[in-house]
Amino acid sequence: MGCLCSKNAESRTSRIARWNATGIVALRDSNLKVLPDEVLDVNNNVRTIDLTNNNVSVLPPDISRLVQLQRLILANNVLQSLPNTVASLRSLKILTLDGNKISILPDELGSLYKLEQLSVSGNLLTFLPDTIGKLHNLSLLNVSSNKLRSLPPSIGSCIALEELQANDNNIEELPESLCNLSHLKSLLLNNNRVNQLPPKLFKDCKSMQNIALHSNPITSDQFQQMAGFVEFEERRKRKFDKQINSNVLMNSKGLDEGIDL
């Protein structure tokens with residue numbers, strides 16, 4: 001652990017008072033190497049911790065004391081792992097770990113049953129823990145820019161998942177269980193090694209409106225001949241038409257097939 005040390009820094013007492021009042025510990029761009037001691041002194045009043053753009057290399061096991069924490073934002077640090085005690089953060093809804101050096105996620109991650117958004121892009125992951133399937137409230141999963149070769153079959157148990165981002169990995173095949181994700185709207189798999197999709201993906205994932213497969217071995221013929229593709233294309237066009245009518249999509253060059261043609 002450590003402290004915030006600066007000639008111009010506010011006093012420890014005033015910092016803790018402010019954090020207690022707001023529930024927000026905002027320490028972006030503070031040149032920190034560790035989580036300051038006083039953060040844990042706030043205890044149950046902390047709802048959000050933002051340590052983006054620091055040099056934090058490890059989280060203390062005592063972070064488990066922050067049982068009311070809902071948002072933990074640790075993007076662009078030098079973390080290599082998470083402590084197993086992260087399992088105690090049962091109120092956590094958003095966990096952002098982009099741009100670190102994490103090579104493995106703990107199995108205990110599956111205990112975060114309230115988690116809605118998990119973003120761990122730009123790390124060194126070669127696999128995801130099977131326990132990720134226990135995250136039944138997860139709506140967004142971003143694992144882009146890692147070293148993944150596959151996704152675990154248990155991902156099909158993330159029944160609330162709406163958006164799966166897995167661009168820029170080494171993924172060769174996708175589990176059939178993806179077809180269980182009835183709420184999945186967007187599947188992004190650009191720059192991988194995917195040569196085929198689960199045959200029933202479009203047929204079973206009736207909410208899907210967007211899929212991106214640029215720079216993969218899969219061909220447009222494979223893609224378009226799959227069962228349910230016509231219905232998927234109709235949903236996708238309705239989505240884009242709605243955006244155009246709402247002046248959201250400006251200067252569009254047309255619909256992106258999501259695959260190199």
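The values are calculated or read from the model by the stated rules, or taken from the named source; none is laboratory data. Bear in mind that the values here come from a model prediction, so they are computed numbers and not experimental data. Ideal geometry is used to build each Cβ from the backbone, glycine not excepted, and the neighbour counts take in all protein chains shown. For accessibility, only protein heavy atoms count, side chains too; no ligands or nucleic acids. Shrake-Rupley method; radii C 1.70, N 1.55, O 1.52, S 1.80 Å.
Side notes on the structure shown:
- Whole-percent carbon and sulfur share, accessible surface of the chain, 1.4 Å: 46
- Amide H contacts for Asn191 (H built 1.01 Å from N in the peptide plane; partners 5 or more residues away or on another chain; cut-off under 5 Å): Asp168, His214, Ser215, Asn216.
- Using the Karplus relation 6.51 cos²θ - 1.76 cosθ + 1.60 with θ = phi - 60°, the per-residue 3J(HN,Hα) values for the stretch 188-197 come to 10, 9, 4, 6, 10, 10, 5, 10, 6, 10 Hz, with x marking Gly and Pro.
- Per residue, in Å², the accessible surface of the stretch 38-81 once ligands and nucleic acids are set aside, probe 1.4 Å: 37
- Set of lysines with alpha-carbon distance to Lys242 below 25 Å, sequence-local pairs under 8 removed: Lys185, Lys203, Lys206, Lys253
- Integer Hz, Karplus 6.51/-1.76/1.60 couplings in order for the stretch 209-215, x for Gly and Pro: 10, 8, 9, 10, 9, 4, 6
- The amide H of Gly99, built 1.01 Å from its N in the peptide plane, has Asn76, Ser121, Gly122, Asn123 as neighbours under 5 Å, considering only residues 5 or more places off or on other chains.
- Only alpha carbons enter this Debye calculation for the chain, each as an equal point scatterer, and the log10 of I(q)/I(0) it gives at q = 0.08 Å⁻¹ is -0.38.
- Of all aspartates and glutamates in the structure, those lying under 16 Å Cα to Cα from Lys114, and not within fewer than 8 positions of it along the same chain, are Glu162.
- Annotation: peptides 88-98, 197-207, ranked by per-residue average of other Cβ atoms within 10 Å with the highest first, follow the order 88-98, 197-207.
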